[in-house]
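Below is one structure, written out as structure tokens, with a few remarks after it.
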């Protein structure tokens, strides 16, 4: 078994899934880095050091990707060999209208901050995010990668908007 | 060879123990300490703090530390606060708000140098003088040669500044085990002693700089969640604020020079600690300051630090209520009200039971001990990239490749292509910083990819790997994937020294100080040889028979025997050759060991088994 050829789910010994147990992931990161971090090889040969650097970097990369819902879904698509051109158009008219609506909302909030509007929109989008994640899970169960990919755009959009609104709320 | 560290990190044999230290290379003062069950600080003239001051006399003789400070004659050029210009370009220095009080000239490669007696000294040169001084101090007190050191750097130091610090150490003959972020070192000092779990803020308020880090400590792993700071905010600003107050409120102050007023300001700062109010006499004139007034005067400065703490907490993804403790570091945290204000503002308890001046060196010494394998505590420090790394794209925009606060080491691959038919070269400008425009970030250097095979525009696919190591230092490699050719990379630093400049400098310095070099090399190679033999034999006993065929096993034993017999001789070339041969012969074994260890680590185990 070559560590660097395992996919990240295998590396962390986690079943491929849209959901992830964050504390399990954290725990596995610690176990892995405790054994492969370059600090454990400071008096090692150059070869050992190089190998440790590679493996440790790979573990950190995996941690980053598995720990982020968007990157994780992208990665699941990738290991299932589903590739799609980024510029492919989305023909979900409802979602397009929603995008226009939220863009306008954010623009108007930038001009005039209204706390209750921010709170309402936040809970609104969070609900949509939850539904989208559920849809992605269902699509993955049915191995409907095209659906997953379509929902991924929504996922990115909702997360960006949530971050934007939270930034405004903190101002 | 650290094969043994997978199974047994303990070095039981005293002779194989390495002499390693932690160095806090500070802007104003430096410290050097070792940690072997107890902390030992190497003092100069019974003072733990060694001034980061270099004096250059008329005959080019160099004085460092307290000796340099004692020189008041005009024949000696005194250089202070060299850390402020480490890794900066000549232009950067001219852009600084406060000009340092040494004559900086523009030398080769846009490198800023200090000209003294017709000689030019770079910041790396001066810094290496301080490091050499510290090294000699520790070596003479232990009567041992130094095997390695952990050197601390501010968390916000960029790649060039880190590289410069490492080069200064190389120049002074110090083997750098790791560069460690200062706040992280402080946490290590506290974490190990109190065995805490939770999230912590490190509030490091020094003489001239302010740093914050948010860290997570859990079961021996230290994770840096975020860092922030201001390189121009420190105790000095507090002295200035009090000085201004003195000048504005007492007209007789006009008689005094600014530096004299500042001395009074300093003594007021130091004596007001717990007092309701204090009165001092300045040449028969009474000066009175109440605690409330004092706090009002320094409020703008403290509020700025609190704002930075708030930003760092936000960046860490935690809410203030999730912070367990704030740890105080740096001499300026002796101002009592800081503790109370922090406790009130962030409603958590503040730790200050380790001397804030030595806590960083303390942590660095612990880390050195851990890295050398002397210490069997299974502690690992997981650090993060302090500043985002990016590349310049069309229109002078910065495209982030690796975001700040990503755990390191990390490797990222970017694919590039050509935009002209037959294009054979590609220039990539690598930058570090958080801003949108390249001009607002630091350029780390330009990488020229050459020998790109001749193809139509957009044909070649060049994979460029950005590898950040555990010190936060970048290296770049590139491969053209359609032909499999490795593109050649020329690294042109934006300014400063290339690798070959450093090698030249080290060679130059060695020529001037060639003492017992051969004997020292022999001793080092014997110790190293013994370590290799010990480590490999332990490993082979453990799993050699399982992982190796009889032939493979024997081939390693053969090389080991050659090494063993060379160790009893006095030819260091032979021993070093023997070590290399053994290491080469056991490469596949090392790889198999790593690959097989992962199975036993987490494969087939549920989370319950691991905990």
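Evaluated against (1) part of a loop (DSSP other than H, G, I, E, B); (2) out of contact with any strand residue (DSSP E or B) (no Cβ under 8 Å at 6 or more places or on another chain); (3) modelled with pLDDT under 80, residue B:497 falls short on exactly one condition, (2).
With region A:1-103 as the region, which helices (runs of 4 or more DSSP H) entirely inside it contain at least 2 residues that are surrounded by 14 or more Cβ atoms within 10 Å (Cβ to Cβ) and touching a strand residue (DSSP E or B) at 6+ places or on another chain (Cβ under 6 Å)?
A:22-36, A:46-66
Flag set for residue B:10, criterion: more than 30 Å from residue B:446 (Cβ to Cβ), at pLDDT below 90 and surrounded by fewer than 15 Cβ atoms within 10 Å (Cβ to Cβ). Only one entry in B:506, B:579, B:526 is part of a helix (DSSP H, G or I), out of contact with any strand residue (DSSP E or B) (no Cβ under 9 Å at 6 or more places or on another chain) and modelled with pLDDT of 90 or more, namely B:579. Look at (1) touching a helix residue (DSSP H, G or I) at 6+ places or on another chain (Cβ under 7 Å); (2) surrounded by fewer than 23 Cβ atoms within 10 Å (Cβ to Cβ); (3) modelled with pLDDT of 85 or more; (4) away from chain A (no Cβ under 14 Å) and you find that residue B:362 fails only one, number (2). Of the residues contained in region B:392-413, one or more are found to be touching a residue at least 24 places away in the same chain (Cβ under 8 Å), assigned to a loop (DSSP other than H, G, I, E, B) and more than 14 Å from chain A (Cβ to nearest Cβ).
Here is a yes/no grid of residues against (1) within 14 Å of chain A (Cβ to nearest Cβ); (2) within 30 Å of residue A:10 (Cα to Cα); (3) at pLDDT 80 or above:
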position: B:512; (1), (2), (3): no, no, no
position: B:520; (1), (2), (3): no, no, no
position: B:542; (1), (2), (3): no, yes, yes
position: B:548; (1), (2), (3): no, yes, yes
position: B:552; (1), (2), (3): no, yes, yes
position: B:567; (1), (2), (3): no, no, yes
position: B:606; (1), (2), (3): yes, yes, no
position: B:611; (1), (2), (3): yes, yes, no
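For every residue, the table says whether it meets (1) loosely packed, with under 15 Cβ neighbours inside 10 Å; (2) not in a helix (DSSP H, G or I).
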{"residue": "A:113", "(1), (2)": "yes, yes"}
{"residue": "A:132", "(1), (2)": "no, no"}
{"residue": "A:138", "(1), (2)": "yes, no"}
{"residue": "A:143", "(1), (2)": "yes, yes"}
{"residue": "A:148", "(1), (2)": "no, no"}
{"residue": "A:161", "(1), (2)": "no, no"}
{"residue": "A:165", "(1), (2)": "no, no"}
{"residue": "A:168", "(1), (2)": "no, no"}
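To keep it simple, each residue is scored yes or no on (1) in contact with a helix residue (DSSP H, G or I) (Cβ under 6 Å, 6 or more places away or on another chain); (2) within 29 Å of residue B:408 (Cα to Cα); (3) touching a residue at least 40 places away in the same chain (Cβ under 8 Å).
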site: B:230; (1), (2), (3): no, yes, yes
site: B:251; (1), (2), (3): no, no, no
site: B:266; (1), (2), (3): yes, no, no
site: B:273; (1), (2), (3): yes, no, yes
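For region B:305-333, the tally of residues that are closer than 30 Å to residue B:256 by Cα and modelled with pLDDT of 90 or more stands at 3. Considering region B:31-40, the residues that are buried (at least 21 other Cβ atoms within 10 Å of the Cβ) and at pLDDT 95 or above include one that is farthest from residue B:525 (Cα to Cα), namely B:31. Is it the case, given these coordinates, that residue B:559 is within 13 Å of chain A (Cβ to nearest Cβ) and at pLDDT below 80? It is false that residue B:559 is within 13 Å of chain A (Cβ to nearest Cβ) and at pLDDT below 80. When B:439, B:451, B:471 are screened for being within 30 Å of residue A:51 (Cβ to Cβ), assigned by TED's automatic domain parsing to the domain that holds residue B:393 and surrounded by fewer than 18 Cβ atoms within 10 Å (Cβ to Cβ), only B:451 passes.
There is at least one residue in region B:455-465 that is at pLDDT 80 or above, within 14 Å of chain A (Cβ to nearest Cβ) and part of a strand (DSSP E or B).
Where in region B:272-385 are the strands (runs of 3 or more DSSP E), entirely inside, with at least 1 residues that are farther than 29 Å from residue A:42 by Cα? Fully inside region B:272-385 and qualifying: B:277-282, B:285-290, B:323-329, B:349-351.
Residue by residue, here is whether (1) more than 7 Å from every other protein chain (Cβ to nearest Cβ); (2) at pLDDT below 95 holds:
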| site | (1), (2) |
| --- | --- |
| A:14 | yes, yes |
| A:17 | yes, yes |
| A:26 | yes, yes |
| A:35 | no, yes |
| A:41 | no, yes |
| A:47 | no, yes |
| A:51 | no, yes |
| A:59 | yes, no |
| A:64 | no, yes |
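The values are calculated or read from the model by the stated rules, or taken from the named source; none is laboratory data. Because the structure is predicted, anything quoted here is derived from the model rather than measured. Cβ atoms come from the backbone with ideal geometry, glycine included; neighbour counts cover every protein chain shown.
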